[in-house]
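Below is one structure, written out as structure tokens; comments come after it.
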Amino acid sequence: MKTVSTNNVSADRHDDHKPSGIGRWLFATNHKDIGTMYLVFSCIMFFIGGAMALAIRAELFRPGMQFFDPGFYNQMVTNHALVMIFGAVMPAFVGLANWMIPLQIGAPDMALPRMNNYSFWILPFAFTLLLGSLFTPSGGPAGGWTMYPPLSLQSGNSFPMMIFAVHLMGASSIMGAINVIVTILNMRAPGMSLLKLPLFCWTWLITAYLLIAVMPVLAGAVTMLLTDHYFGTSFFNPAGGGDPVMFQHIFWFFGHPEVYILILPAFGIVSEIIPTFSRKPMFGYDAMVYATASIAFLSFIVWAHHMFTVGMPLAGQMFFMMSTMLIAVPTGVKVFNWTTTMWKGSLSFEPPMLFALAFLFLFTIGGFSGLMLAIVPADYQYQDTYFVVAHFHYVLVPGAIFAIMAAVYYWLPKWTGTMYDMTLAKWHFWVSTVSVNVLFFPQHFLGLAGMPRRIPDYNVQFTDWNMVSSVGGFVFGFSQLVFVWVIIKAVRGGPPASAKVWDADMPGLEWSVPSPAPYHSFDTPPDVH
Amino acid sequence: MDHAQPAVAHDKYYVPHGSPWPFFGSVTLFILMVGAVMTLESGGIGQYVLGLGFLLLFGLFFGWFGTVIKENQAGIFNMQVDRSFRMGMSWFIFSEVMFFAAFFGALFYARQLALPWLSGEGAKHLTSVILWHDFEGGWPSNGPAHLGPSGSGSTFETIPALGVPLINTALLLTSGVTLTVAHHALRAGHRSVLKVFLALTFLLGFLFVFLQAREYHEAYTELGLTLSTGIYGSTFFMLTGFHGFHVTIGALMLLIIWLRTMNGHFTPQRHFAFEGVAWYWHFVDVVWLGLYIFVYWL
């Protein structure tokens, strides 16, 4: 642990010497170690949440009740969402931020390394609390991840466990986000002006801002639930002058920016990968930055499109419909810029590029169904049907999660120093991409035909597409084991990767350090041209 | 990497040692939350777990902050680290602003939308006809069922804005001034002025908390105004309660800064902890102004 440093007093460890034993992980301050822990944690949560999803798909394979009672089904639905959002996707992005942001901006580490470790280690405990609630006498939370009162207030012992778990996740996210912002604003190498910042850093900077702005609002909302349940407040009780719809407003004021928290870093990843494998610089870099900022701004004024049917003034519906549709403009700018970047590029199709391309097409499908949902009169038909489920799974699975996989395939050689098994990775891509569409595309039809979400049983006319969807679900679920196998193989060894890794001329500073990246990336600020 | 290359714009980067405190802090939070869950659900042993959690939390603050203060006194933080601390603190305060925004939002929503709708305004005429046809709305209100400590049909009085709340406003605004005087004294190197005015600041803060506690006592015992007094009681106590909690934390932080001052910490150039606490104190002050206007006055 102790190294003798002769030439400086300020940095105590600046060589490649790693601390040994379990202390390296428990007491970590190294951004790469913490990033690795985040990614491993996220992977575990991905499989736990995935197992819940498979339970749901197994139950829905046929009409009638097959395996569970409806209460347990509802617990699966609720926990699948909470685990995937707060346990899988968000920590994966934070893990990537931890690994890559210091490398991309030429910093030695994150700005606040100890707080970094704090924000990670809160998570396993938060999820112990949440998942532990499944084993209480009353079972886990079952009122949906949105926790709408009065339903959520009627949960049993799991109620406070869920609330406090959400508080812990929020604390972790806020600390993580503060760290990202401070790192990007304060730790950039000299010469790296904001408009030279890699787009992954830009999208994370804006994501972190969103996180700090809305996670406290979620904390406030669940605190009100807690006091309504235990201390007799009337926030959501009309008898006392409150309103259950008020919870939905506060929740979605958090919830809609949260949606962009789950996708903006994905935009950043795709904006790194597409130029590399097109061998062209990003088309419209500045426009990408401004589009990201516009999306973030708009995300604060669209929240009520999640609740068009609760009963709100017509003027409110009109406003939220129009503002929601406006988001299509900056998002369109992004999609066009990615496409234009590839225009006349010298394309090659390694696994990261394949996933980025799938993202481009499939996320756009999710974006379009979102536009359909934004139309108030149409939404009266779609609300709470499988169409909504299909919509947000398209933006989250072949959207956010494909981008995460693209990022792992893009940067894995930089982390391990070895090239992974390309053939296996391509298998993973093709099986995933086909099965994810088999899984989610039929859900559009089911929803338009009127199948409600969050119900364990359904009318027989929905059987065929549900069977197709379930088959897709199981194939998709199990094909993710290939992903893990590719990573494990690469960690255990393989052909060494060069510093540049990919056969392209990439400007990013992360490609200027050897593969694997040294334990401490930059002791002194690198030169930026 | 390249050790020979001299750094131009920055000092050499600083990366701290590994530290047990973050992990210790995570365990602490877990114990605290488990204790809270047990207390709320069944009481009994849960209170001891909760108590243990708070004990560990104090240990965490002493241990973690103590380490940082020691490192700082040893002079191993460069200007870049100092800037990171400042940025971190200001973003933390922004998150606090958003936390209060949720409760202010609830207050505005209840007053401007929920209560008028319950009384049949807008498109909600049927609500009034079917459910609460006697309900007039208005503010302050404990809702159509007049919820309160004695169940439905309770009456309550509010705390007049011109009484103790006005005094409390004066106290907090004055504490903002004394803190600024202390800051100027610190920068000018007048240590004795600094000590006196810093002490005045946290004394004013604790006096505020004391008066607020007396108000709460009066509200509970004489005015029928409690946490369960409908939406008025809910918003009133949650907003002023969280604010009072923040004032308490802020005053404790000021006290610690004062103790550090007495020990000769801080220089006219380098005093991040002082400024961080000062920002926090001004934030608490501004929230109070919002509370005074929207909760007590209007």
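Listed here are the residues, each with its yes/no results for (1) crowded, with 24+ Cβ neighbours inside 10 Å; (2) more than 14 Å from chain B (Cβ to nearest Cβ).
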| position | (1), (2) |
| --- | --- |
| A:Thr146 | no, yes |
| A:Leu151 | no, yes |
| A:Ala171 | no, no |
| A:Ala177 | yes, no |
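From the list A:Phe68, A:Phe61, A:Phe93, A:Phe72, exactly one residue is under 22 Å from the mean Cα position of the chain (by Cα) and not acidic (Asp, Glu). Which is it?
Numbers: A:Phe68 fails: under 22 Å from the mean Cα position of the chain (by Cα); A:Phe61 fails: under 22 Å from the mean Cα position of the chain (by Cα); A:Phe72 fails: under 22 Å from the mean Cα position of the chain (by Cα).
Just one listed residue meets the conditions, A:Phe93.
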- Query: Quick check, is A:Ser172 in contact with a Gly (Cβ under 6 Å, 6 or more places away or on another chain) and either at pLDDT below 95 or assigned by TED's automatic domain parsing to the domain that holds A:Asn98 (or both)?
  - Reply: no
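Which ones in segment A:507-520 are assigned to a loop (DSSP other than H, G, I, E, B) and touching a Pro at 6+ places or on another chain (Cβ under 8 Å)? Working first, answer last.
Kept after step one, since they are assigned to a loop (DSSP other than H, G, I, E, B), are these residues of segment A:507-520: A:507-508, A:513-520.
Those that are assigned to a loop (DSSP other than H, G, I, E, B) and touching a Pro at 6+ places or on another chain (Cβ under 8 Å): A:Pro507, A:Gly508, A:Ser515, A:His520.
Can you find a residue in segment B:67-81 that is acidic (Asp, Glu) and outside the structural domain of B:Val286 (by TED's automatic domain parsing)?
Checking segment B:67-81: at least one residue is acidic (Asp, Glu) and outside the structural domain of B:Val286 (by TED's automatic domain parsing).
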Per the list (1) crowded, with 22+ Cβ neighbours inside 10 Å; (2) in contact (Cβ under 8 Å) with a residue 40 or more places away in the chain, residue check on A:Ser155 breaks on (2)
Selection from segment A:100-134 of residues away from every other protein chain (no Cβ under 13 Å) and either within 30 Å of A:Asp527 (Cα to Cα) or free of Cβ contacts under 8 Å to residues at least 12 places away in the same chain (or both) yields A:Met100, A:Ile101, A:Gln104
Of the listed residues (A:Arg13, A:Arg24), the one being assigned to a helix (DSSP H, G or I), closer than 28 Å to A:Ser173 by Cα and modelled with pLDDT under 95 is A:Arg24
Original post:
Among the residues of segment A:276-284, is any within 25 Å of the chain's Cα centre (by Cα) and in a helix (DSSP H, G or I)?
Top reply: yes
In the set A:Ala88, A:Ala97, A:Ala81, the lone residue that is of a type in the set (Gly, Ala, Ser), more than 14 Å from chain B (Cβ to nearest Cβ), under 20 Å from A:Gln443 (Cα atoms) and assigned to a helix (DSSP H, G or I) is A:Ala81
Considering segment B:110-137, residues that are farther than 23 Å from B:Gly153 by Cβ and more than 10 Å from chain A (Cβ to nearest Cβ), and then whichever is modelled with the highest pLDDT, we arrive at B:Gln112
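Quick grid of which residues meet (1) within 12 Å of another protein chain (Cβ to nearest Cβ); (2) in a helix (DSSP H, G or I); (3) within 14 Å of A:Phe300 (Cα to Cα); (4) not charged (D, E, K, R):
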| site | (1), (2), (3), (4) |
| --- | --- |
| A:Val214 | yes, yes, yes, yes |
| A:Thr227 | yes, yes, no, yes |
| A:Ser234 | yes, no, no, yes |
| A:Tyr260 | no, yes, yes, yes |
| A:Gly268 | no, yes, no, yes |
| A:Ser271 | no, yes, no, yes |
Just one listed residue, out of B:Thr169, B:Thr178, B:Thr174, B:Thr158, is more than 20 Å from the chain's Cα centre (by Cα), at negative phi and not aliphatic (A, V, I, L, M), and it is B:Thr158
From the option list B:His217, B:His246, single residue qualifying as assigned to a helix (DSSP H, G or I), out of contact with any Phe, Trp or Tyr (no Cβ under 9 Å at 6 or more places or on another chain) and surrounded by fewer than 22 Cβ atoms within 10 Å (Cβ to Cβ) is B:His217
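Kindly indicate whether any position in segment B:228-235 is closer than 28 Å to B:Ala161 by Cβ and either assigned to a loop (DSSP other than H, G, I, E, B) or among the acidic types (Asp, Glu) (or both).
Within segment B:228-235, the subset closer than 28 Å to B:Ala161 by Cβ is B:228-235.
Filter once more, keeping what is either assigned to a loop (DSSP other than H, G, I, E, B) or among the acidic types (Asp, Glu) (or both): B:228-229.
Checked segment B:228-235: at least one residue is closer than 28 Å to B:Ala161 by Cβ and either assigned to a loop (DSSP other than H, G, I, E, B) or among the acidic types (Asp, Glu) (or both).
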Q.
Considering only segment B:178-188, I want to know if a residue exists there that is touching a residue at least 60 places away in the same chain (Cβ under 8 Å), in the same structural domain as B:Val287 (by TED's automatic domain parsing) and closer than 23 Å to B:Phe294 by Cβ.
A. no
(Q) Can you say whether A:His249 is touching a helix residue (DSSP H, G or I) at 6+ places or on another chain (Cβ under 9 Å), modelled with pLDDT of 95 or more, within 14 Å of another protein chain (Cβ to nearest Cβ) and in a helix (DSSP H, G or I), as far as the supplied structure shows? (A) yes
Per the filter on segment B:267-276, residues buried (at least 17 other Cβ atoms within 10 Å of the Cβ) and assigned to a loop (DSSP other than H, G, I, E, B) are B:His271
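Considering every residue within segment A:385-397, establish whether at least one is small (Gly, Ala, Ser), at pLDDT 95 or above and part of a helix (DSSP H, G or I).
Looking only at segment A:385-397, we keep the residues that are small (Gly, Ala, Ser), and these are A:390.
Cutting the leftovers down to at pLDDT 95 or above gives us A:390.
Going one step further and asking which of them are part of a helix (DSSP H, G or I), we end up with A:390.
The answer is yes, given that some residue of segment A:385-397 is small (Gly, Ala, Ser), at pLDDT 95 or above and part of a helix (DSSP H, G or I).
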Filter segment A:22-64 for residues that are without any contact (Cβ under 8 Å) to a residue 24 or more places away in the chain and not aliphatic (A, V, I, L, M); the one that is surrounded by the most Cβ atoms within 10 Å (Cβ to Cβ) is A:Asp33
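Quick grid of which residues meet (1) more than 12 Å from B:Tyr232 (Cα to Cα); (2) part of a helix (DSSP H, G or I):
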site: B:Pro116; (1), (2): yes, yes
site: B:Gly120; (1), (2): yes, no
site: B:Leu126; (1), (2): yes, yes
site: B:His133; (1), (2): yes, no
site: B:Ser141; (1), (2): no, no
site: B:Ala145; (1), (2): yes, no
site: B:Thr155; (1), (2): no, no
Note: among B:Trp258, B:Trp279, B:Trp288, just one is surrounded by 19 or more Cβ atoms within 10 Å (Cβ to Cβ), under 25 Å from B:Phe61 (Cα atoms) and in contact (Cβ under 8 Å) with a residue 60 or more places away in the chain, namely B:Trp258
Screening A:Ala239, A:Ala221 for residues that are at the interface with chain B (Cβ under 8 Å from one of its Cβ atoms) and modelled with pLDDT under 95 leaves only A:Ala239
How many residues of segment A:186-219 are surrounded by fewer than 21 Cβ atoms within 10 Å (Cβ to Cβ) and of a type in the set (Phe, Trp, Tyr)? The answer is 1
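The values are calculated or read from the model by the stated rules, or taken from the named source; none is laboratory data. Not measured: the values here are computed from a predicted model. Every residue, glycine among them, receives a Cβ derived from its backbone with ideal geometry; neighbour counts consider all protein chains shown.
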